[in-house]
1. Counting only protein heavy atoms and a 1.4 Å probe, tell me what percentage of the stretch 2-234's accessible area is made up of carbon and sulfur.
2. Could you calculate the contour length gain from ALA82 to LYS26, that is, 0.36 nm times the residue separation minus the distance between their Cα atoms, to one decimal place in nm?
3. Which number comes out as Rg/Rh for the stretch 1-57 once both Rg and the Kirkwood Rh are worked out on C-alpha atoms?
4. Taking the 0 to 90 degree range and rounding to the nearest ten, how far is the long axis of helix 78-88 tilted relative to the main principal axis of the chain, both from C-alpha atoms?
5. How large is the dipole of the stretch 21-118 about the Cα centre if only Lys and Arg carry +1 and Asp and Glu carry -1, each at its Cβ, rounded to the nearest 20 debye?
6. Just the Cα atoms of the stretch 7-102: what Rg and Dmax do they give in Å?
7. Can you compute the equivalent ellipsoid semi-axes for the chain, i.e. the square root of 5 times each eigenvalue of the Cα gyration tensor, sorted largest first and rounded to whole Å?
8. Placing +1 on the Cβ of each Lys and Arg and -1 on the Cβ of each Asp and Glu in the chain, which of LEU76, VAL38, SER130 has its Cα farthest towards the positive end of the resulting dipole?
Amino acid sequence: MRNSIIELKSADLTLGNAAASVHVLKSIDLSIAESEAVGIVGPSGSGKSTLLMVLAGLERLDSGEIHVRNTPLHTLSEDRLADFRGKNIGIVFQSFHLIANMTALENVAVPLELANVKGAFDIARKELESVGLGERLSHYPGQLSGGEQQRVAIARALAPSPAVLIADEPTGNLDTETGRQIADLLFSKQQERGMTLILVTHDPSLAARCTRQIKVASGRIAGDSRTEQTRLASVSA
């Protein structure tokens, strides 16, 4: 059994205030192993994207614990949390989140420079080349297709060499063929670098490519293929 890289214990989170508050995550326990590819699925409003944001260190729990690489994120200050996230967790969003007035190269390099990483532009160039955009370094987001913009976003997420890559509906804004190419890229990078990949998706075929699928419903874990595999193995034994 591989070592755990993420541990979530009794995780609770409510969003909103007073009458508008929603209890989004309810006493969730979850362990994710190093180099695992995990697909998080569930209906809209089930809490899956919020769970992903907690795993990414972008949402704080009301109660419970989250440990990533043995670091208790729930105890860190905002500055220390941002520093840890920048070094250990790469994040890819559905809507790319590129800066319009920066070139592809600058979009990847500038976050590295802000983190005082040496050779930021050299690293950015290599990452863009690795995702097939070596000829598009000086292009702005508006000059790139949706698939190319997502490749820039993936290069940006990979540039700090994170141990965990998190993707929220990474193919949601793309046509079927482009989405397949982006999925191929994500899984090839995960295998090539031995990263843990965690993605939220509405696409059953994309989730099926993961080594493990977790179903979220009404703020709870409603299904886990790893748990089911363990149960079947124990029964057959």
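1. The nonpolar share, carbon plus sulfur, comes to 48 percent.
2. That works out to 17.7 nm of additional length.
3. Ratio of gyration radius to Kirkwood radius: 1.03.
4. It is inclined by approximately 70 degrees.
5. Roughly 60 debye, rounded to the nearest 20.
6. That works out to 14.4, 43 Å for Rg and Dmax.
7. They are 30, 21, 18 Å, listed from largest to smallest.
8. Among LEU76, VAL38, SER130, the one farthest towards the positive end of the dipole of the chain is VAL38.
The values are calculated or read from the model by the stated rules, or taken from the named source; none is laboratory data. It should be emphasised that the depicted structure is a prediction, and the values quoted were computed from it without experimental measurement. Using ideal geometry, Cβ is built from the backbone for each residue, glycine included, and neighbour counts are taken over all protein chains shown. The accessibility values were calculated without ligands, DNA or RNA, using every heavy atom of the protein model including side chains. Shrake-Rupley method; radii C 1.70, N 1.55, O 1.52, S 1.80 Å.
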